């Protein structure tokens, strides 16, 4: 039993050797703050539904490293966005600019919504027209009136 304790202590003692050195949080807090603001507006090209700031993919890490380098070189936010768009296209931006090539991206959802409402309206109208309301004969009408009168008593 005491050998088991000895083995556990040895394993726990060597666990520290397995750990890696933690990466520094930020060399320059101002650079990191700008990096976060810029990368929140950009899409991870691997994940596609995650911002560049929140993604853990290797490409996202490389792109953040590239953005950090551009920020340290004194580039403005607009110059950095232009660099990223020239390299990866408008897809990298969460809010791509409105131009002829992106019109369908901006207007498409509204067109689909209007088309859906129109199709629903046409369907409902046809359905209402197809409903056949049977006419009652005089005998059926008199019987219905008698049943209603009995129910009132």
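A compact table of results
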item	result
Number of positions in region 61-88 that are over 15 Å from residue 32 (Cα atoms), touching a helix residue (DSSP H, G or I) at 6+ places or on another chain (Cβ under 8 Å) and surrounded by 14 or more Cβ atoms within 10 Å (Cβ to Cβ)	4
Inter-residue pairs, beta-carbon under 6 Å, first in contact (Cβ under 8 Å) with a residue 40 or more places away in the chain and in region 84-96, second surrounded by 16 or more Cβ atoms within 10 Å (Cβ to Cβ) and in a loop (DSSP other than H, G, I, E, B), 6+ apart	94/41
Meets criteria (at pLDDT 90 or above and in a loop (DSSP other than H, G, I, E, B)) for residue 74	yes
Index of the failed condition, residue 58 passing every other in (1) under 26 Å from residue 29 (Cβ atoms); (2) within 22 Å of the chain's Cα centre (by Cα); (3) surrounded by 10 or more Cβ atoms within 10 Å (Cβ to Cβ)	(3)
Within region 100-149, tally of residues that are surrounded by 10 or more Cβ atoms within 10 Å (Cβ to Cβ), modelled with pLDDT under 85 and more than 31 Å from the chain's Cα centre (by Cα)	1
Single unsatisfied condition, residue 97 versus (1) surrounded by 12 or more Cβ atoms within 10 Å (Cβ to Cβ); (2) modelled with pLDDT under 90	(1)
Meets criteria (in contact (Cβ under 8 Å) with a residue 12 or more places away in the chain, out of contact with any strand residue (DSSP E or B) (no Cβ under 7 Å at 6 or more places or on another chain) and under 18 Å from residue 45 (Cβ atoms)) for residue 64	yes
Scan of region 88-108 for residues that are under 12 Å from residue 45 (Cα atoms) and assigned to a helix (DSSP H, G or I), ordered by number	88, 90, 91, 92
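The values are calculated or read from the model by the stated rules, or taken from the named source; none is laboratory data. Bear in mind that the values here come from a model prediction, so they are computed numbers and not experimental data. Glycine also receives a Cβ, built like all others from the backbone with ideal geometry; neighbour counts cover every protein chain displayed.
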